[in-house]
1. Which of the following residues is surrounded by 11 or more Cβ atoms within 10 Å (Cβ to Cβ), out of contact with any helix residue (DSSP H, G or I) (no Cβ under 6 Å at 6 or more places or on another chain) and modelled with pLDDT under 95: T187, T206, T219?
2. Please work out which one of (1) in a strand (DSSP E or B); (2) touching a His at 6+ places or on another chain (Cβ under 8 Å) is the condition V151 fails and give its number.
3. Looking at (1) in a loop (DSSP other than H, G, I, E, B); (2) surrounded by 10 or more Cβ atoms within 10 Å (Cβ to Cβ); (3) at pLDDT 90 or above; (4) not aromatic (F, W, Y), which one does V170 not meet, given that it meets all the others?
4. Filter the stretch 27-51 down to the residues that are in a strand (DSSP E or B) and closer than 26 Å to T119 by Cβ and list them by number.
5. Which of the residues spanning the stretch 28-87 are at positive phi and touching a Lys or Arg at 6+ places or on another chain (Cβ under 6 Å)?
6. One residue is enough: does the stretch 194-204 have a residue meeting the conditions part of a strand (DSSP E or B) and under 30 Å from Y51 (Cα atoms)?
7. Given the conditions (1) free of Cβ contacts under 8 Å to residues at least 24 places away in the same chain; (2) within 17 Å of the chain's Cα centre (by Cα), which single one is not true for S22?
8. Of all residues being touching a Phe, Trp or Tyr at 6+ places or on another chain (Cβ under 6 Å) and acidic (D, E) in the stretch 76-129, which is nearest to I9 (Cα to Cα)? Just the residue, please.
Amino acid sequence: MLDIGHTIIGTRIQGANHRDFSDSVTLYTISDTLQVCFQDLVFDNPSGYRYYRLLSPTGNLNIAELEFISERKLPGSVQASPLPVFTKNDPVQKSYYRLWGDTLSDRPGSKLFDADMLTWSAQGWAGMDFGRPVRINRVRIAPRNAHNGIVPGDSYQLFYWNGEWISAGVQQAEYNFLEYTGVPSNTWYWLKNLDHGEEEQPFFYTDGRQIFSNQPDWTDYSEEE
(Lines give C-alpha, C1' and ligand atoms only; values in the text may rest on other atoms or scores of the structure.)
Protein backbone atom coordinates (compact mmCIF):
# COMPACT_ATOMS: atom_id res chain seq x y z
CA MET A 1 0.00 0.00 0.00
CA LEU A 2 2.92 2.37 0.66
CA ASP A 3 4.25 1.73 -2.85
CA ILE A 4 0.78 2.20 -4.36
CA GLY A 5 0.40 5.47 -2.46
CA HIS A 6 3.46 6.93 -4.16
CA THR A 7 2.04 6.20 -7.65
CA ILE A 8 -0.67 8.80 -6.97
CA ILE A 9 1.87 11.64 -6.89
CA GLY A 10 1.55 13.64 -10.11
CA THR A 11 -2.13 12.80 -10.66
CA ARG A 12 -3.92 15.80 -12.16
CA ILE A 13 -7.45 17.17 -11.85
CA GLN A 14 -8.46 18.64 -15.20
CA GLY A 15 -11.42 20.57 -16.57
CA ALA A 16 -12.42 20.83 -20.24
CA ASN A 17 -15.28 21.79 -22.53
CA HIS A 18 -14.38 19.26 -25.24
CA ARG A 19 -15.19 15.63 -24.54
CA ASP A 20 -11.74 14.49 -25.71
CA PHE A 21 -10.08 16.92 -23.26
CA SER A 22 -8.15 18.53 -26.12
CA ASP A 23 -8.71 21.90 -24.40
CA SER A 24 -8.06 20.60 -20.89
CA VAL A 25 -6.81 22.86 -18.10
CA THR A 26 -4.98 21.38 -15.12
CA LEU A 27 -6.64 22.67 -11.97
CA TYR A 28 -4.68 20.70 -9.37
CA THR A 29 -1.69 18.34 -9.26
CA ILE A 30 -1.29 15.93 -6.34
CA SER A 31 2.24 16.49 -5.03
CA ASP A 32 2.34 14.03 -2.11
CA THR A 33 0.81 10.76 -0.97
CA LEU A 34 -2.77 10.92 0.28
CA GLN A 35 -4.21 9.92 3.65
CA VAL A 36 -5.93 6.53 3.49
CA CYS A 37 -9.37 8.10 4.04
CA PHE A 38 -11.57 10.78 2.51
CA GLN A 39 -9.96 14.22 2.31
CA ASP A 40 -10.66 17.41 0.34
CA LEU A 41 -8.47 18.90 -2.37
CA VAL A 42 -9.27 22.58 -2.92
CA PHE A 43 -8.12 24.62 -5.92
CA ASP A 44 -8.79 27.83 -7.83
CA ASN A 45 -11.18 27.48 -10.74
CA PRO A 46 -12.44 30.83 -12.06
CA SER A 47 -14.10 29.19 -15.06
CA GLY A 48 -16.77 26.54 -15.43
CA TYR A 49 -16.19 23.31 -17.35
CA ARG A 50 -18.54 20.64 -18.62
CA TYR A 51 -16.03 17.81 -18.28
CA TYR A 52 -13.79 17.01 -15.32
CA ARG A 53 -11.41 14.14 -14.88
CA LEU A 54 -8.62 12.66 -12.79
CA LEU A 55 -5.56 11.81 -14.94
CA SER A 56 -2.89 9.38 -13.74
CA PRO A 57 0.80 9.81 -14.66
CA THR A 58 1.27 6.01 -14.51
CA GLY A 59 -1.79 4.72 -16.38
CA ASN A 60 -3.43 3.40 -13.19
CA LEU A 61 -5.27 5.83 -10.93
CA ASN A 62 -5.28 3.65 -7.79
CA ILE A 63 -8.05 5.87 -6.40
CA ALA A 64 -10.90 4.31 -4.39
CA GLU A 65 -13.42 7.15 -4.46
CA LEU A 66 -13.83 10.60 -6.01
CA GLU A 67 -16.62 13.13 -5.46
CA PHE A 68 -17.01 16.44 -7.25
CA ILE A 69 -18.22 18.89 -4.60
CA SER A 70 -20.45 21.96 -4.54
CA GLU A 71 -21.21 24.27 -1.62
CA ARG A 72 -24.74 24.71 -2.97
CA LYS A 73 -27.41 22.04 -3.40
CA LEU A 74 -27.89 21.94 -7.16
CA PRO A 75 -30.43 19.87 -9.11
CA GLY A 76 -29.36 16.22 -9.04
CA SER A 77 -26.86 16.68 -6.22
CA VAL A 78 -26.81 14.62 -3.01
CA GLN A 79 -25.11 14.97 0.36
CA ALA A 80 -21.36 14.41 0.06
CA SER A 81 -19.74 11.59 1.99
CA PRO A 82 -18.63 12.82 5.42
CA LEU A 83 -14.98 13.46 6.18
CA PRO A 84 -13.52 11.30 8.96
CA VAL A 85 -13.76 12.48 12.57
CA PHE A 86 -10.68 11.52 14.60
CA THR A 87 -11.19 13.40 17.90
CA LYS A 88 -14.02 14.77 20.00
CA ASN A 89 -12.66 18.25 19.32
CA ASP A 90 -13.06 18.05 15.54
CA PRO A 91 -15.18 20.99 14.35
CA VAL A 92 -18.70 20.49 13.07
CA GLN A 93 -18.43 19.72 9.37
CA LYS A 94 -19.85 22.09 6.81
CA SER A 95 -22.43 20.57 4.48
CA TYR A 96 -21.26 19.94 0.94
CA TYR A 97 -23.06 18.34 -1.99
CA ARG A 98 -21.88 15.72 -4.44
CA LEU A 99 -22.54 16.54 -8.10
CA TRP A 100 -23.61 13.76 -10.43
CA GLY A 101 -23.04 13.41 -14.15
CA ASP A 102 -22.33 10.77 -16.77
CA THR A 103 -19.14 8.85 -16.00
CA LEU A 104 -16.22 8.95 -18.42
CA SER A 105 -13.00 6.93 -18.57
CA ASP A 106 -10.39 5.67 -20.98
CA ARG A 107 -11.46 2.08 -20.27
CA PRO A 108 -14.87 0.73 -19.13
CA GLY A 109 -15.64 -0.47 -15.63
CA SER A 110 -14.42 2.43 -13.52
CA LYS A 111 -14.93 1.93 -9.77
CA LEU A 112 -14.21 5.56 -8.95
CA PHE A 113 -17.83 6.51 -8.21
CA ASP A 114 -19.32 3.29 -6.76
CA ALA A 115 -19.31 4.43 -3.07
CA ASP A 116 -17.19 1.40 -2.11
CA MET A 117 -13.88 2.12 -0.36
CA LEU A 118 -12.63 -1.41 -1.07
CA THR A 119 -12.74 -1.03 -4.86
CA TRP A 120 -10.51 1.24 -6.91
CA SER A 121 -10.13 2.66 -10.39
CA ALA A 122 -7.50 0.97 -12.55
CA GLN A 123 -8.11 3.38 -15.43
CA GLY A 124 -5.56 5.82 -16.71
CA TRP A 125 -8.18 8.54 -16.34
CA ALA A 126 -11.79 8.81 -15.23
CA GLY A 127 -14.21 11.67 -14.72
CA MET A 128 -17.68 13.04 -15.37
CA ASP A 129 -19.70 14.87 -18.00
CA PHE A 130 -22.06 17.27 -16.25
CA GLY A 131 -23.96 18.18 -19.41
CA ARG A 132 -23.19 21.88 -19.04
CA PRO A 133 -20.36 23.98 -17.62
CA VAL A 134 -20.23 23.92 -13.82
CA ARG A 135 -17.71 25.59 -11.55
CA ILE A 136 -16.02 23.09 -9.22
CA ASN A 137 -13.16 24.02 -6.91
CA ARG A 138 -13.20 21.08 -4.49
CA VAL A 139 -13.06 17.31 -4.76
CA ARG A 140 -13.40 14.72 -2.00
CA ILE A 141 -11.00 11.87 -2.65
CA ALA A 142 -9.75 8.62 -1.10
CA PRO A 143 -6.81 6.59 -2.43
CA ARG A 144 -6.81 2.84 -2.92
CA ASN A 145 -6.68 1.32 0.57
CA ALA A 146 -7.54 -1.76 2.63
CA HIS A 147 -10.14 0.15 4.69
CA ASN A 148 -8.31 -0.79 7.88
CA GLY A 149 -9.19 2.30 9.88
CA ILE A 150 -11.98 2.69 12.42
CA VAL A 151 -15.27 2.62 10.49
CA PRO A 152 -18.36 4.25 12.03
CA GLY A 153 -21.04 1.65 12.67
CA ASP A 154 -18.62 -1.29 12.94
CA SER A 155 -18.07 -3.08 16.26
CA TYR A 156 -14.58 -3.59 17.71
CA GLN A 157 -12.99 -5.52 20.54
CA LEU A 158 -9.74 -4.34 22.11
CA PHE A 159 -7.34 -6.72 23.87
CA TYR A 160 -4.21 -5.89 25.88
CA TRP A 161 -1.34 -8.16 26.91
CA ASN A 162 -0.81 -9.04 30.56
CA GLY A 163 0.70 -12.52 30.39
CA GLU A 164 -2.27 -13.36 28.15
CA TRP A 165 -4.67 -11.44 25.93
CA ILE A 166 -7.30 -9.73 28.10
CA SER A 167 -10.39 -8.10 26.61
CA ALA A 168 -10.97 -4.42 27.35
CA GLY A 169 -14.51 -4.68 25.98
CA VAL A 170 -16.52 -4.27 22.79
CA GLN A 171 -17.50 -0.89 21.33
CA GLN A 172 -19.45 0.19 18.28
CA ALA A 173 -17.66 3.10 16.62
CA GLU A 174 -19.65 6.32 16.36
CA TYR A 175 -16.82 8.17 14.63
CA ASN A 176 -13.40 7.20 13.23
CA PHE A 177 -11.87 6.63 16.65
CA LEU A 178 -12.44 4.53 19.77
CA GLU A 179 -11.84 5.65 23.33
CA TYR A 180 -11.11 3.09 26.06
CA THR A 181 -10.54 3.83 29.75
CA GLY A 182 -8.95 1.68 32.43
CA VAL A 183 -6.55 0.04 29.98
CA PRO A 184 -2.89 -0.32 31.13
CA SER A 185 -0.17 1.56 29.27
CA ASN A 186 3.24 0.31 28.09
CA THR A 187 2.04 -3.01 26.77
CA TRP A 188 0.86 -4.65 23.55
CA TYR A 189 -2.63 -4.13 22.16
CA TRP A 190 -4.71 -6.00 19.61
CA LEU A 191 -7.84 -4.52 18.01
CA LYS A 192 -10.34 -6.72 16.18
CA ASN A 193 -13.05 -5.50 13.82
CA LEU A 194 -15.92 -7.86 14.62
CA ASP A 195 -17.88 -7.01 11.47
CA HIS A 196 -15.37 -6.79 8.62
CA GLY A 197 -11.84 -7.85 7.81
CA GLU A 198 -9.17 -10.06 9.32
CA GLU A 199 -5.98 -8.07 8.67
CA GLU A 200 -4.78 -7.46 12.23
CA GLN A 201 -1.42 -6.90 13.91
CA PRO A 202 -0.58 -6.27 17.59
CA PHE A 203 0.74 -2.77 18.25
CA PHE A 204 2.15 -0.55 20.96
CA TYR A 205 2.69 3.19 21.44
CA THR A 206 5.99 5.02 21.70
CA ASP A 207 6.35 8.82 21.80
CA GLY A 208 2.69 9.09 20.82
CA ARG A 209 3.16 6.93 17.71
CA GLN A 210 1.33 3.70 17.02
CA ILE A 211 3.81 0.99 15.97
CA PHE A 212 2.63 -2.34 14.59
CA SER A 213 4.54 -5.56 15.19
CA ASN A 214 5.31 -6.03 11.48
CA GLN A 215 6.80 -2.56 11.00
CA PRO A 216 10.57 -2.47 10.44
CA ASP A 217 11.28 0.06 13.21
CA TRP A 218 9.50 -1.63 16.11
CA THR A 219 11.22 -2.39 19.42
CA ASP A 220 10.72 -5.73 21.15
CA TYR A 221 10.13 -4.55 24.70
CA SER A 222 9.77 -8.12 25.95
CA GLU A 223 13.42 -8.78 25.00
CA GLU A 224 14.53 -5.71 26.97
CA GLU A 225 12.71 -6.96 30.04
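The values are calculated or read from the model by the stated rules, or taken from the named source; none is laboratory data. Please read all numbers here as calculations on a predicted model, not as lab measurements. Ideal geometry is used to build each Cβ from the backbone, glycine not excepted, and the neighbour counts take in all protein chains shown.
1. That would be T206, the only listed residue that is surrounded by 11 or more Cβ atoms within 10 Å (Cβ to Cβ), out of contact with any helix residue (DSSP H, G or I) (no Cβ under 6 Å at 6 or more places or on another chain) and modelled with pLDDT under 95.
2. Against the list (1) in a strand (DSSP E or B); (2) touching a His at 6+ places or on another chain (Cβ under 8 Å), V151 comes up short only on (1).
3. Failed condition: (1).
4. First, pick out the residues of the stretch 27-51 that are in a strand (DSSP E or B): 27-29, 39-42, 49-51.
Matches in the stretch 27-51: L27, Y28, T29, Q39, D40, L41, V42, Y51.
5. Within the stretch 28-87, just N62 meets the criteria.
6. No, because not a single residue in the stretch 194-204 is part of a strand (DSSP E or B) and under 30 Å from Y51 (Cα atoms).
7. (2)
8. Checked the stretch 76-129; the qualifying residue nearest to I9 (Cα to Cα) is D106.
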